[in-house]
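Single-structure report; data block below.
FYI, it's all coordinate maths here, none of it is from the lab. A quick note: this is a predicted structure, and the numbers were derived from the prediction, not measured. All Cβ positions, even for glycine, are placed from backbone atoms using ideal geometry, and neighbour counts span all protein chains on display.
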Amino acid sequence: MNHMAHAKNTPRDRQGGEMTVREAGKRGGDAVRAKYGPTFYEEIGRKGGKSTKQRHGPEFFENIGQKGGNAVKDKYGQTFYEQIGHKGGQKVKRLIEEAKRSTR
């Protein structure tokens, strides 16, 4: 079988059948999810967040949130925030109207 004819480069098509780091990570993650269930990642994330907060304080999350927000602003511009703010406001408005109608 000619491996060069394949459009996709699958793990078996590579020399020696090696996996990429990404493929290995996905396989490992899938195995963990199968063994422990999908909520496992939520639980370890919560534990990690709690540990990080104890170690670095709540201002750590404030700082990384601000850095992330600035990175998004630099990448997409100020109007991006205006657009998503408008979308969020419209959704809240619609939810309030739906709630008023359901109580009548």
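In this label model, residue 41 and residue 92 are separated by 3.0 nm, measuring between points 7 Å along each Cα→Cβ vector.
With both labels modelled 7 Å from their Cα along Cα-to-Cβ, the residue 81 to residue 60 distance reads 2.5 nm.
Placing a pseudo-label 7 Å from each Cα along the Cα-to-Cβ vector at residue 50 and residue 103 gives an inter-label distance of 3.6 nm. Pull up the cross-link candidates among the lysines for residue 100, meaning alpha carbon to alpha carbon under 23 Å and not fewer than 8 places away within one chain. The reachable lysines, counting only those whose Cα sits under 23 Å from residue 100, are 87, 91.
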